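Structure record follows, encoded as structure tokens.
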Amino acid sequence: MYKCLSVSKLPRKTLPDQSFLGPSKTKILRLLRAENSTAGNIASGLHIQVSAARKHLEQLASLDFVAQSFQKGEVGRPKKFYALTENGKELFPRTYDALLDKVVAKLIIREGPRQAESLLRSIAVDVAKSLDGQDLQGSDHVKHVQTSINQLGFEATLNQENGNLTVISRNCPVWKVALKHGELVCRGYHAELLKAAVKGKNVDRKEWMVDGDSYCRHIITEMPKESKIL
């Protein structure tokens, strides 16, 4: 038989922000984090109508926080089950920054700042290579790079300016680590990633979020002709 989940048994300290989704959807996410479930079981756990549970689930699915699939039970037709997507799981607390901060700090102690930055540059180049998975040229290549780095969380725009490429990044996916390790992370990883992704020769940082600016702006020079935006 399918289990009916109890909201009260789940820890409250790991709730995503209720102001964002509201209390009902937040509780549904908590239920699905514990176990995939049907709309009927969710309705029972929240003491609401099944139709209301389905409406919440459909809205969560439209946000790519929940996915649905059919599973065959012991008897009868397959039942529709709901599960958290990767985006849904990311609504709950993560400790990526804390872990990365400790890794970088240990690396600096063991290898020194220069070697630590060199390693981050090498990682940035590897990441850039993984972004360049399509045989694209010109503006198509630049658009592909913009989409790819935004999937990493940079919320960047790339624009041609005086023959060079200007990159404005409005989000830092490693913000807390950048605050602690400034140049090492921002120059060693972010700037190198941008330069390598578009195959530029030099990168010059202008505005910098770590300094209090609202975005980071990099100008990449000596772009290959085939990469220029048309």
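The values are calculated or read from the model by the stated rules, or taken from the named source; none is laboratory data. Note that the structure is a prediction, hence the values are computed from the model and not measured. Here the Cβ positions follow ideal geometry from the backbone for every residue, glycine too, while neighbour counts run over all protein chains shown. Ligands, DNA and RNA are stripped out before the accessible areas are found, and what is left, the full protein with its side chains, is counted by its heavy atoms. Shrake-Rupley method; radii C 1.70, N 1.55, O 1.52, S 1.80 Å.
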Of 55/176; 143/180; 25/143; 143/201; 143/176; 89/143, which sit over 26 Å apart, Cα to Cα?
55/176; 143/180; 25/143; 143/176; 89/143
Which of 165, 175, 200 sits closest to the plus end of the dipole of the range 161-200, meaning its Cα is farthest towards the positive end, when Lys and Arg get +1 and Asp and Glu get -1 on the C-beta?
175
Using a 1.4 Å probe on the protein heavy atoms only, what accessible surface does residue 74 show? Give it in Å² to the nearest 10.
150
Here FRET efficiency (C-beta to C-beta, residue 83 to residue 219, R₀ 30 Å, nearest 0.05) is 0.10
Please arrange 81, 70 by accessible surface area, largest first, computed with a 1.4 Å probe and ligands excluded.
70, 81
What distance in nm separates the two pseudo spin-label positions at residue 68 and residue 108, each 7 Å out from Cα along the beta-carbon direction?
5.0
In sequence order, what are the phi-derived ³J(HN,Hα) couplings for the range 195-210 according to the Karplus relation 6.51 cos²θ - 1.76 cosθ + 1.60 with θ = phi - 60°, rounded to whole Hz, with x for glycine and proline?
4, 5, 5, 9, 6, x, 9, 9, 9, 10, 8, 9, 5, 8, 4, 4
Would you mind computing, in nm to one decimal, how far apart the modelled labels at residue 206 and residue 35 are, each placed 7 Å from Cα along Cα→Cβ?
5.6
Counting only residues 5 or more apart in sequence or on a different chain, those whose built amide H sits under 5 Å from that of residue 81 are 69, 70, 71
Tell me the label-point distance for the pair residue 115, residue 98, using the 7 Å Cα-to-Cβ offset, in nm and rounded to one decimal.
2.8
Only Lys, Arg (+1) and Asp, Glu (-1) charged, at Cβ; the range 146-230 dipole about Cα centre in debye:
140
How much accessible area per residue does the range 53-211 have, counting only protein heavy atoms and a probe of 1.4 Å, in square angstrom?
60
Report, in debye and to the nearest 20, how large the dipole of the range 59-128 comes out about its Cα centre when Lys and Arg carry +1 and Asp and Glu carry -1 on their Cβ.
280
Phi angles of the range 27-37, converted by Karplus (6.51 cos²θ - 1.76 cosθ + 1.60, θ = phi - 60°) into ³J(HN,Hα) in whole Hz with x for Gly and Pro, give 5, 4, 4, 5, 4, 6, 5, 6, 5, 4, 8
Output ordering of 187-199, 33-45 (per-residue mean of other Cβ within 10 Å, highest first) is 187-199, 33-45
